[in-house]
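Values quoted throughout were computed directly from the atomic coordinates according to the rules given, and no laboratory measurement underlies them. Worth saying up front: this structure is predicted, and the values here are computed from it rather than measured. Neighbour counts run over all protein chains shown; Cβ positions are idealised from the backbone, glycine included.
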Amino acid sequence: MPLQQRMVVAGLSAGAARAIQGTVASGLTAAGSTQATALALGADTNDFTTVGSGTGAILPPMSAGDEVFVFNGGANALLVYPPVGGTINALAANAGYSIATATPSCFVICINATTFRACQSA
């Protein structure tokens with residue numbers, strides 16, 4: 001992804017450059033112990049610093065090709081839930097995908113409204 005400054009220099013408005021670049025949320029705290037009570041993600045890049053045992057976040061509604069990045073900087077595994085009725089990788093519908101502390105970076109890509117693929121760092 002190009003830097004916003006380069007896009008503005010190339011002639012895009014600052015607002016258009018920010019929309020292309022995406023939004024960032026940092027210092028996030030995981031919440032809840034179920035899909036219904038997990039923290040709702042609202043940014044394209046999500047940086048968690050506090051993750052209690054069994055807590056998580058839920059992906060926003062997405063369109064095919066959309067991508068969300070999640071970083072787990074907390075002390076425990078982070079559960080990332082799909083939108084209601086969705087699946088991540090080969091998990092059951094509505095099941096949380098675990099992002100470990102040892103491999104904390106994860107991209108989640110939307111295939112369609114209910115199918116998501118997660119790619120975690122090694």
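Label separation (Ala113 vs Ser13): 3.1 nm, computed from points 7 Å beyond Cα along the C-beta direction. Note: relative contact order over the stretch 23-120, using C-alpha pairs below 8 Å and six or more positions apart, is 24 percent. When DSSP beta bridges are restricted to pairs lying wholly in the stretch 23-120, around 50% turn out antiparallel. Evaluated at q = 0.12, 0.15 Å⁻¹, a Debye calculation over the C-alpha positions of the stretch 23-120 (equal weights, vacuum) places log10 I(q)/I(0) at -0.29, -0.47.
Simple spin-label estimate for Thr37 and Ala75 gives 2.0 nm between the two label positions (7 Å along the Cα-to-Cβ direction from each Cα).
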